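*Asks:* Have a look at the structure that comes next, please.
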Amino acid sequence: GVAFAAAGARATVSSLWSVDDAATTELMVKFYEELAAGKSKSMALAAAQRYLRTQTEYAHPYYWAAFSLHGSDEPTQVGGGMSWWWYGLAGVFLLSLVIFAFKMR
């Protein structure tokens, strides 16, 4: 998160441990849906985590509890030419890069 903040990111969502790819994809898609609905970042993340807990295969905290928000909690304008799923895809890609970099250490 520090490198993203130094690069100008106002907020980042990061994981505290290695996470399941499929569960992370579902969580991030739901997170960006909630952002697009106008929720603050912390409320969107909490809603996405609650959603994942309702999914039988992802109910265990291992799948959803690793994620935390750092930085600004202001609502984000999602839209304006790009649909929410592009942002979700970009988020999953960036998270995958962070996980890959962590595993390569």
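What follows is calculated from the coordinates using simple rules that are stated; it is not laboratory data. This is a predicted model, so every value here is computed, not measured. Cβ atoms come from the backbone with ideal geometry, glycine included; neighbour counts cover every protein chain shown.
*Asks:* Just order 47-53, 95-101 by mean Cβ neighbour count inside 10 Å, highest at the front, would you? Don't skip to the end; give the middle numbers.
*Replies:* Details: 47-53: 18.0, 95-101: 13.7.
Output ranking for 47-53, 95-101: 47-53, 95-101.
*Asks:* While we're on this one: For segment 19-24, what does the Karplus curve 6.51 cos²θ - 1.76 cosθ + 1.60, with θ = phi - 60°, yield as ³J(HN,Hα) per residue in whole Hz, taken in order and with x for Gly and Pro?
*Replies:* For segment 19-24, the Karplus curve yields 10, 6, 4, 5, 5, 5 Hz.
*Asks:* Determine the gain in length on full extension of the stretch K103-A5; use 0.36 nm per residue of separation and subtract their C-alpha separation, reporting nm with one decimal. Walk me through the numbers on the way to the answer.
*Replies:* On the way: separation 98, 0.36 × 98 = 35.28 nm, distance 2.13 nm.
Here the answer is 33.2 nm.
*Asks:* Amide H to amide H under 5 Å from F67: which residues, 5+ apart in sequence or cross-chain, H placed 1.01 Å off N in plane?
*Replies:* It is L16, by chain and number.
*Asks:* May I pose another question? Once the Cβ-Cβ distance between D21 and E74 is put in as r, and R0 is 22 Å, what FRET efficiency do you end up with, to the nearest 0.05? Write down the numbers at each step before the final one.
*Replies:* Values: r = 29 Å, r/R0 = 1.31.
Plugging the Cβ-Cβ distance into 1/(1 + (r/R0)^6) gives 0.15.
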